[in-house]
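A short write-up of the structure that comes next.
Only the coordinates and a few stated rules stand behind these numbers; no lab work does. Keep in mind the model is a prediction, meaning the values are calculated, not measured. Virtual Cβ from ideal backbone geometry, glycine too; neighbours counted across all protein chains shown.
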Amino acid sequence: MLAGAAPADWLIPDWPAPAGVRAVFTSRQGGVSAAPYDSLNLGDHVGDAPQQVAANRALLQRVTGRAVFLKQVHGCDVLALAAASPDGLQADACVTTQRQLACTIMVADCLPVLLSSEDGSVVAAAHAGWRGLAGGGAAQNGILEAVLGRFRALAPKERAPDAIKTIAWLGPCIGPSAFEVGADVKAAFTAVQPEAARLFTDLGAGQYLANLPALARLRLRALGITQIYGNDGSAPWCTVSNPSRFFSHRRDAGVSGNGFGTTGRMAACIWRE
């Protein structure tokens with residue numbers, strides 16, 4: 001069971017997590033923020049009233065225990081969480097062996113990736129936007145490569161690092177019918193994995209629709225992770241297409257007219273009880 005009762009609209013991952021490992025993905029429902037952050041905005045950097053963000057985060061803490069919030073910058077830095085780790089440290093992924101400490105990633109279109117070792121001794125969360133996922137066109141420089149390296153380093157020392165069995169869960173993100181990108185994005189992925197080309201639909205004029213969850217699955221499999229659950233690219237997982245349930249930076253940019261997506265942030269959390 002979760003530490004506290006989660007709102008009915010939150011997602012509880014359907015995956016074979018080991019005993020003692022818990023995870024959750026928040027929706028936009030169940031909080032106190034006013035529009036356009038209505039109602040469970042967890043981001044303290046998007047213009048919402050600080051006291052409302054604090055109240056929303058307190059709700060999350062009641063469900064997860066202590067959730068540690070990062071300063072995410074679409075990079076590939078990974079933070080190993082300790083009991084004294086404060087909020088606001090700059091990283092786009094976190095990993096821990098500590099109990100009652102929730103690895104937490106905020107999203108509003110980017111892909112959250114949760115990881116657990118099969119024995120439940122290590123958990124991690126990664127913020128996989130296209131930049132972090134592609135890794136600058138270098139095979140070992142992406143966010144998934146970085147977090148898996150730290151993940152395996154924290155595993156019990158008596159086990160060979162390459163033998164650590166890992167399961168992954170992909171949360172909601174911008175879907176393949178909504179994620180329009182340029183040729184530079186396609187090139188960043190195909191430079192590492194030429195087979196990624198099949199995950200881009202050509203719209204003409206150098207524009208493509210990209211399948212972000214499928215790109216993540218392709219990269220995870222290349223890293224030896226075959227147990228991958230969650231987001232399969234279908235419509236219910238798309239943040240853009242489900243406005244009553246999910247915040248979306250890209251969708252709400254058009255509403256605000258400022259190009260920055262005045263909207264809230266959701267969270268994906270994983271922790272050891």
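Treat the count of other C-beta atoms within 10 Å as a stand-in for reagent exposure and order S85, S27 from fewest to most. Before the final figure, lay out each step's value.
On the way: S85 17, S27 21.
Exposure proxy ranking, most exposed first: S85, S27.
Please pull out the direction-averaged projected area of region 36-140, using the convex hull of its alpha-carbon atoms, in nm² to one decimal place.
Working: hull surface 29.7 nm².
Averaged projected area of region 36-140's Cα convex hull equals 7.4 nm².
Label-point separation (nm) for Q227 and R245, each offset 7 Å from Cα along Cα-to-Cβ?
2.5
All other residues with a Cβ under 13 Å from the Cβ of A35 taken together, and with Lys, Arg as +1 and Asp, Glu as -1, what is their net charge? Mind dumping the intermediate values first?
On the way: positive: R28; negative: D38, D48, D252.
Net local charge, A35 excluded: -2.
Among D252, D9, D109, what is the fewest-to-most ranking by other Cβ atoms within 10 Å? Let's see the in-between values first.
On the way: D252 19, D9 13, D109 26.
Sorted ascending by nearby Cβ count, the order is D9, D252, D109.
Compute the relative contact order of the chain as a whole-number percentage, counting only Cα pairs closer than 8 Å that sit 6 or more residues apart in sequence. Please report the intermediate quantities before stating the final value.
Numbers: 643 pairs, mean separation 66.1, N = 273.
Rounded, it is 24 percent for the chain.
Which order do peptides 195-201, 98-104 fall in by mean Cβ count within 10 Å, highest first?
98-104, 195-201
What is the fewest-to-most order of K186, K165 by other Cβ atoms lying within 10 Å of their Cβ? Let's see the in-between values first.
Values: K186 21, K165 14.
Going from least to most buried by this count: K165, K186.
Counting each DSSP H run of 4 or more residues in the chain as -39500 (n - 2.57), what helix-only mean residue ellipticity at 222 nm follows after dividing by all residues, to the nearest 500 deg cm²/dmol? Please list the in-between numbers first.
On the way: 6 runs with 58 residues, N = 273.
Helices in the chain give a 222 nm mean residue ellipticity of -6000 deg cm²/dmol.
Quick check: net charge around L115, other residues with Cβ under 15 Å of its Cβ, Lys/Arg +1 and Asp/Glu -1? Mind showing how you got there, number by number?
Values: positive: R22, R150, R152, K165, R217, R219, R221, R272; negative: D92, E118, D119, E145.
Local net charge: +4.
What does the convex hull of the Cα atoms of the chain come to per residue, in Å³, rounded to a whole number? Before the final figure, lay out each step's value.
On the way: hull volume 31.6 nm³, N = 273.
It comes to 116 Å³ per residue, whole-number rounded.
To check you understand DSSP bridge types, tell me what percent of the beta bridges within the chain (both residues inside) are antiparallel, rounded to 5.
Numbers: 33 of 46 bridges.
Among the beta bridges of the chain, antiparallel pairing accounts for roughly 70 percent.
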